[in-house]
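These notes are about the structure you will find just below.
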Amino acid sequence: MKNNLFLFSCLFLIGFSASAQYSEDYVEVYSTNIGGENYSIVKMSRKDERVKIKYFSGKDFTGRSVYERYSAWAKNKNIIALSSGAYMTHCDASYATPIGLCIDNGQLVNNEIANFDGLAIVYTTGEMAFSNLKDGDLGVTKGDGTKMTLNLNNSFDRTRFIKWAEDNAATVFQTHLLYFDGKPKVYTNGSQLIRDRQLIITGKDRSGEIFHFIVHLKGGATLYDATFKAAKFLQVNEDLTIKSIINVDPGCHHILEVRKSDGSIDGQSGFTGKNPISSALNLIVFYYE
């Protein structure tokens, strides 16, 4: 009897590990339509640090493409979702490079500061943090535990930050910062371009639990409208106190792929991008451990 129970337990665990990509206690994927706007939501809890983030900024120094790098890395990973990230200089993939300060796993890709307020830092631990470059008070911790406060618009401080990123194998990219420290940073005089929008939103629920959300709006909106529609949706429906919102490029390099908990790809239109992953020039990857 004990042997039979042992065999059953092993078969159950093998079956679970072969199919389940993540626990639905930590990740929820759903869509809803409100007022003619379709909201496609990936909700990810940071509780227990099970949900992590990896960013690929471009080809590595051996010439491997983002897709090749991702495919090699993802072989033993439980993938939740993939999204395009930083803006690129061109739609033509043969010329395109990331716009703004960009560092890939400690390796400098671009040291020019673009006119975007948002700086995203992805740590080797899988954590992602945001900073408002206009504030000039980016805080990082050195290996000896001492803290530095840096203004990246200052060339000396930027050099120190690039060295810190190299020492800590950090990954960095710039983008539009739409919300920060619970306050909107986007205004009606911004871009009036109406298109699908893809946002990454971080906040806390009433219990203090931290969440990351990917919100894809299919109806077509300006950055301003998309920000406030998504913020209101999460405040009302998820009881979320919003910390930050960044825009991830849904233009000519638009990538989005979302997995169900069993590992299969969710084929709903709100969870798919315009381009295949094989064409990705950069990728934000959310995964589960």
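The values are calculated or read from the model by the stated rules, or taken from the named source; none is laboratory data. Note that the structure is predicted; figures quoted are calculated from it, not measured. Cβ coordinates were reconstructed from backbone atoms using ideal geometry, including for glycine residues, and neighbour counts include every protein chain displayed.
Of everything in the stretch 171-195, what is surrounded by fewer than 20 Cβ atoms within 10 Å (Cβ to Cβ) and either among the acidic types (Asp, Glu) or touching a residue at least 40 places away in the same chain (Cβ under 8 Å) (or both)? Give them in sequence order.
Asp181, Gly182, Pro184, Lys185, Arg195, listed by residue number.
Check every one of the strands (runs of 3 or more DSSP E) wholly within the stretch 1-71 and list those with 3 or more residues that are at pLDDT below 90 and surrounded by fewer than 17 Cβ atoms within 10 Å (Cβ to Cβ).
Hits in the stretch 1-71: none.
What's the number of the condition Gly208 fails, among (1) buried (at least 16 other Cβ atoms within 10 Å of the Cβ); (2) more than 23 Å from Tyr67 (Cβ to Cβ)?
Just one mismatch for Gly208, condition (1).
Looking at Ala221 and the list (1) surrounded by 20 or more Cβ atoms within 10 Å (Cβ to Cβ); (2) within 23 Å of Leu82 (Cβ to Cβ), which single condition is not satisfied?
Only one criterion is unmet by Ala221, namely (1).
Just a yes or no: is a residue in the stretch 81-91 on the phi < 0 side of the Ramachandran plot, of a type in the set (Phe, Trp, Tyr) and touching a residue at least 40 places away in the same chain (Cβ under 8 Å)?
Scanning the stretch 81-91 turns up at least one residue that is on the phi < 0 side of the Ramachandran plot, of a type in the set (Phe, Trp, Tyr) and touching a residue at least 40 places away in the same chain (Cβ under 8 Å).
So if I check each of Ala114, Ala129, which one is modelled with pLDDT under 95, in a loop (DSSP other than H, G, I, E, B) and more than 19 Å from Cys252 (Cα to Cα)?
After ruling out the rest, the residue left standing is Ala114.
Answer yes if at least one residue in the stretch 215-237 is within 21 Å of Ser23 (Cβ to Cβ) and not polar (S, T, N, Q), and no otherwise.
The answer is no, given that none of the residues of the stretch 215-237 is within 21 Å of Ser23 (Cβ to Cβ) and not polar (S, T, N, Q).
Is it the case that the stretch 229-240 has a residue that's under 24 Å from Ser84 (Cα atoms), more than 16 Å from the chain's Cα centre (by Cα), assigned to a loop (DSSP other than H, G, I, E, B) and of a type outside the set (D, E, K, R)?
no
Where the second residue is at pLDDT 90 or above and among the small types (Gly, Ala, Ser) and the first is closer than 20 Å to Ala120 by Cβ and lies in the stretch 135-146, which pairs have Cβ atoms under 9 Å and are six or more apart or on separate chains?
Taking only residues 6 or more apart or on different chains, the pairs are Asp137/Ser131; Leu138/Ser131; Gly139/Ser131; Val140/Ala165; Val140/Ala170.
So which of Val215, Val248, Val258 ends up being at pLDDT below 90, crowded, with 16+ Cβ neighbours inside 10 Å and within 22 Å of Gly126 (Cβ to Cβ)?
Sole residue among the options that is at pLDDT below 90, crowded, with 16+ Cβ neighbours inside 10 Å and within 22 Å of Gly126 (Cβ to Cβ): Val248.
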